[in-house]
Amino acid sequence: QVQLVESGGGLVHAGGSLRLSCAASGRDLTNYVMGWVRQAPGKERELVAAVGRIGKNNYYAQSVKGRFTIFRSNADTTDLQMNDLKPEDTAVYYCAARLYGIVVTPGGYDYWGQGTQVTVSS
């Protein structure tokens with residue numbers, strides 16, 4: 001089993017920044033894709049960023065390109081740096097993992113953290 005624990009959410013004004021962190025454990029995650037999925041009230045889950053093996057293959061949703069950066073410093077830790085935050089970025093952010101290739105559909109991820117709330121005020 002893979003355990004994922006997120007941290008770093010909070011309340012920020014529009015234009016501000018937050019950094020989310022995901023700590024993974026339970027097995028060797030070298031070949032796992034790590035992603036960040038968000039869900040706003042009344043909306044479907046959306047993959048905002050994902051990263052494959054260290055240094056290889058990133059994905060960003062169009063809505064966050066140029067503002068969010070995903071970092072994977074080792075197999076077990078994945079951060080999401082969020083800059084120039086907008087009220088529409090308000091959501092619960094989940095760390096998610098799957099074995100091998102990046103997929104855009106959140107349902108394609110097998111392991112999930114408990115989520116961390118990000119609230120951006122206007």
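Computed from the coordinates by the stated procedures, all read-outs in this text should not be read as laboratory data. Given the structure is predicted, the values throughout are model-derived calculations rather than measurements. In this analysis, Cβ positions are derived from the backbone assuming ideal geometry, glycine residues included, and neighbour counts consider all displayed protein chains.
How would you rank 61-69, 4-12, highest first, on the average number of other Cβ atoms within 10 Å across their residues?
4-12, 61-69
Taking each pair of distinct Cα atoms in the chain once, what is the resulting Kirkwood hydrodynamic radius in Å?
It is 14.1 Å.
Put +1 on the Cβ of each Lys and Arg and -1 on the Cβ of each Asp and Glu in region 34-97; which of GLY66, ILE54, ALA96 then has its Cα farthest toward the positive end of the dipole?
Final value for the positive-end residue is ILE54.
Place a point 7 Å from Cα of ASN57 in the direction of its Cβ. Which residues in region 93-122 have their backbone N less than 12 Å from it?
98-104
At what distance in angstrom do the alpha carbon centres of region 11-38 and region 73-122 lie from each other?
The distance from the Cα centre of region 11-38 to that of region 73-122 comes to 5 Å.
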